Structures are given as C-alpha cells and as structure tokens.
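Presented below is the structure to which this report refers.
The values are calculated or read from the model by the stated rules, or taken from the named source; none is laboratory data. Since this is a predicted model, take the numbers as computed values, not measurements. Counting neighbours? That spans all protein chains shown, and the Cβs are built from the backbone with ideal geometry, glycine included. Please note that ligands, DNA and RNA were not included when accessible areas were found on the heavy atoms of the full protein model with its side chains. Shrake-Rupley method; radii C 1.70, N 1.55, O 1.52, S 1.80 Å.
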Amino acid sequence: MSSQDKNSTAPKTKQRVVVICPGRGTYNKEELGYLQRLHSDKTEIVSLIDDFRSGQGQIKVAELDSMENYSMGIHTAGENASALIYACALSDYQAINKDEFDIVAVTGNSMGWYIALAVAGALKPKQAIELINTMGSMMTKGLIGGQMIYPIMDEEWNIDRSLEIKVMQWLAQINEHSDCQVYLSINLGGYLVFGGNKAGLKALEELLPKVQDRYPMRLFNHAAFHTPLLKNVSEQAMHLMSADIFSAPSIPLIDGLGQVWQPYSCDIEQLYNYTLNTQVVEPYNFSKAIEVAIKEFAPDKLIILGPGATLGGAVAQSLIRHEWLNLTNKADFIAQQKNAPFILSMGLLEQREKCC
C-alpha cells in the first residue's frame with residue numbers, strides 16, 4: 001500500500017470546539033418559528049419540555065414558537081423565554097456534527113449557565129427542564145428590580161479602561177443613597193449590564209453619558225439578575241430543589257467566575273451551591289468565562305448555540321481584549337470571520353451550515 005493510500009484511510013482529525021449557550025435576550029421577533037424551521041425532527045426534546053410545562057399549566061414551547069405573531073409580553077416573560085430558549089439551544093447542540101467537532105468545554109451567559117449544565121450532562125433532561133422552568137418562573141407575580149446595559153468600548157471594540165473605572169465609581173456613588181440599590185450584574189464583552197431597583201437604575205441612567213441614542217438601555221422583562229436583590233429567589237430555589245438533581249458533567253463546564261467544573265473532580269454540592277446561590281446573587285463574568293475558554297482549552301472554534309446571534313459581538317470583544325489570534329480591533333475580527341471564522345453562531349444560517 002502506498003503512503004498516499006495510507007493517508008486516505010487515516011481518520012479525520014476533529015476540530016476542538018467550546019460550545020457557548022445563550023441567555024435570556026436571544027429569542028426575539030426574528031427568531032419566531034426557530035424550532036419549526038430548524039428542528040421539526042427534535043420531537044423528543046420538545047415533548048419532554050412541553051409535558052413538564054403542561055403539568056405546570058403553562059403554554060407549551062411548541063405553541064409559543066408557532067404563534068402567528070411575536071408578543072413582547074408573552075415571549076419575553078421569564079416563565080416562557082427560559083424554556084423556549086432552552087428548547088432551541090438544546091436542539092442546536094444535538095444538531096452539531098460530532099464527527100467533525102470534538103466538544104472540549106461548555107459555557108454560557110447568565111441563563112445560559114443552566115443550559116450549559118444540561119448540555120454538559122450535569123443535569124439529566126428531566127432535571128434540566130425542572131431547574132430551568134422553575135428559575136424562569138420565580139417572578140410570575142412581578143419582577144424584582146430590572147436590568148440595564150451600557151457599552152464601555154470604542155467603535156473598534158476596544159475596552160475604554162478609564163470609562164470602565166468611571167462607571168464603577170458612579171455606581172458606588174449612587175449606592176451611597178439609602179433608597180438606591182444598583183449593582184454590576186454581567187460583564188458582557190464590551191458591555192456592562194447592571195441590575196438594581198427602580199431608584200438605583202434611574203439614578204445611574206441619569207449619570208451615564210448617552211451613546212448612539214440607544215444607551216443606557218433598559219432590558220425589557222428582565223429582573224435584577226446576579227445581584228443581592230435576588231437573595232430571596234436563591235433561598236426559594238434551594239428550598240424547592242436539592243443537590244440530588246445534579247450529576248458530575250461529562251464535559252468540562254466553565255462558570256461565570258471562570259471556574260472549571262471537571263467531570264472527574266466535580267463536587268456536586270458545590271456545583272449546586274454555585275448554581276442556586278452564588279451566580280444568582282453575585283455578578284456573572286461572561287468575559288472571564290470566554291477568557292478561560294480560549295486560554296485553558298485552546299479551541300479551533302467557538303460555537304454559539306441559537307436562538308439569535310446577539311452573543312457573537314460580546315464574544316468577539318472578549319477575544320479582542322486578549323488579542324486572541326492577533327485580533328486587535330473590530331476590523332481584524334471581521335476579516336478573520338470572512339477568511340477563516342473562529343466563531344460560528346448557529347443562529348446565523350451561513351455559519352450554522354458549518355456546524356451541522
């Protein structure tokens with residue numbers, strides 16, 4: 001046999017990928033019908049989720065996805081958005097070509113942490129929908145506080161350190177007032193997300209310089225996630241669910257502190273405490289999670305699960321911050337994506353086709 005023949009029968013080397021799970025703000029008007037269009041074959045996933053929701057007297061995700069018109073009130077409500085996004089993201093995960101890609105780690109943004117637990121096997125399917133649906137339904141009687149997003153980068157997607165420091169100083173200044181509570185909620189690439197009460201958010205909004213006629217921007221139907229204001233939600237969740245629903249992950253998990261939970265050294269009790277206490281009441285550092293993903297796991301690609309594709313910018317900004325692949329600005333990133341894409345967003349059809 002010639003060397004050429006030997007090479008032709010050699011197994012193809014898989015590309016190493018880190019999978020990123022989306023958060024709450026990713027099922028928007030453009031995503032209506034995502035499950036129908038892309039996952040009509042994933043009946044088992046959708047049925048399991050909808051059987052659970054039927055038992056809770058909630059609208060089925062299949063019904064939410066197939067509605068004729070998108071409704072901000074219905075589709076962004078926590079009890080609906082969380083299960084709907086989970087169904088879309090889990091279906092996307094199952095559609096990834098496992099012969100082409102070796103999934104070396106999983107992470108997520110905010111609610112995406114719960115999805116990451118599911119796709120990494122730390123939560124079995126029934127336990128996953130129980131946790132995701134329960135956490136998403138905690139504020140059906142009224143939101144606790146709110147969230148607001150603000151950019152701390154220039155037009156080339158480089159972080160403005162002096163602005164970041166100034167914003168955090170304003171935050172401390174506002175919290176000196178007894179009626180104000182506002183905290184850093186999420187580090188999101190070139191953005192900071194804040195969570196707080198009405199007075200705190202209003203005071204911060206008045207201090208922050210207006211940018212692009214859009215920011216600071218309130219996030220509709222979002223509570224003060226990842227702040228001390230959700231202490232009661234954490235306590236209630238821990239009362240309703242025990243550590244028994246968790247398992248050691250089958251794939252390494254990167255959380256919102258940048259910690260890695262390994263399959264063979266995972267403390268289940270600590271994972272439970274982090275999930276239902278720490279990350280509920282403390283900031284979620286998605287930027288740190290991406291830093292750990294690239295530096296510790298050296299992936300060939302990052303795959304962002306759908307629905308939506310809004311997370312791609314925040315991931316790119318994190319790459320630029322660390323000059324990963326020699327990226328130093330937005331133009332570098334666009335050129336990289338055009339020539340040899342490092343980020344594949346499954347919510348974008350052209351990039352999706354490279355994953356499945």
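Remark: pairs (first residue in the range 19-34, of a type in the set (Gly, Ala, Ser); second residue in a helix (DSSP H, G or I); Cβ separation under 6 Å; 6+ apart in sequence or on different chains) = Gly23/Gly112.
Each row is one residue, and each column tells you yes or no for (1) at pLDDT below 95; (2) in contact with a His (Cβ under 6 Å, 6 or more places away or on another chain); (3) basic (Lys, Arg); (4) farther than 30 Å from Ala293 by Cβ.
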{"position": "Ser3", "(1), (2), (3), (4)": "yes, no, no, yes"}
{"position": "Thr9", "(1), (2), (3), (4)": "yes, no, no, yes"}
{"position": "Gln15", "(1), (2), (3), (4)": "no, no, no, no"}
{"position": "Gly33", "(1), (2), (3), (4)": "no, no, no, yes"}
{"position": "Thr43", "(1), (2), (3), (4)": "yes, no, no, yes"}
{"position": "Arg53", "(1), (2), (3), (4)": "no, no, yes, yes"}
{"position": "Lys60", "(1), (2), (3), (4)": "no, no, yes, yes"}
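Close Cβ contacts (under 8 Å, 6 or more residues apart or on different chains) running from residues in the range 154-181 that are hydrophobic (A, V, I, L, M, F, W, C) to residues that are surrounded by fewer than 16 Cβ atoms within 10 Å (Cβ to Cβ) and modelled with pLDDT of 95 or more comprise Trp157/Asn329; Trp170/Leu207; Ile174/Leu207; Cys180/Ala199.
Right, Val167: among the aliphatic types (A, V, I, L, M), more than 22 Å from Ala62 (Cα to Cα) and touching a strand residue (DSSP E or B) at 6+ places or on another chain (Cβ under 7 Å) or not?
So Val167 passes the test.
Taking the range 307-356 as the region of interest, the helices (runs of 4 or more DSSP H) fully inside it that hold 2 or more residues being closer than 24 Å to Leu84 by Cβ are 311-321, 349-352.
Could you list all residues from the range 137-183 that are modelled with pLDDT of 95 or more and under 27 Å from His239 (Cβ atoms)? Ile144, Gly145, Gly146, Gln147, Gln181, Tyr183 - these are the residues of the range 137-183 that are modelled with pLDDT of 95 or more and under 27 Å from His239 (Cβ atoms). Just a yes or no: is a residue in the range 108-117 touching a Gly at 6+ places or on another chain (Cβ under 8 Å), of a type in the set (Ser, Thr, Tyr), crowded, with 22+ Cβ neighbours inside 10 Å and not in a loop (DSSP other than H, G, I, E, B)? Yes, the range 108-117 contains at least one residue that is touching a Gly at 6+ places or on another chain (Cβ under 8 Å), of a type in the set (Ser, Thr, Tyr), crowded, with 22+ Cβ neighbours inside 10 Å and not in a loop (DSSP other than H, G, I, E, B). Within this structure, Phe297 fails the test of being in contact with a Gly (Cβ under 7 Å, 6 or more places away or on another chain) and either closer than 30 Å to Ala248 by Cβ or open to solvent by 60 Å² or more (accessible area, probe 1.4 Å) (or both). Exactly one residue out of Gly308, Gly312, Gly347 is crowded, with 21+ Cβ neighbours inside 10 Å, at pLDDT below 95 and not basic (Lys, Arg), and it is Gly308. Checking each residue in the range 161-196 for being open to solvent by less than 60 Å² (accessible area, probe 1.4 Å) and of a type outside the set (A, V, I, L, M) picks out Glu164, Trp170, Asn175, Cys180, Ser185, Asn187, Gly189, Gly190, Tyr191, Phe194, Gly195, Gly196. Looking across the range 118-153, the residues that are open to solvent by 10 Å² or more (accessible area, probe 1.4 Å), aliphatic (A, V, I, L, M) and assigned to a loop (DSSP other than H, G, I, E, B) come down to Met138, Met139, Leu143, Ile144.
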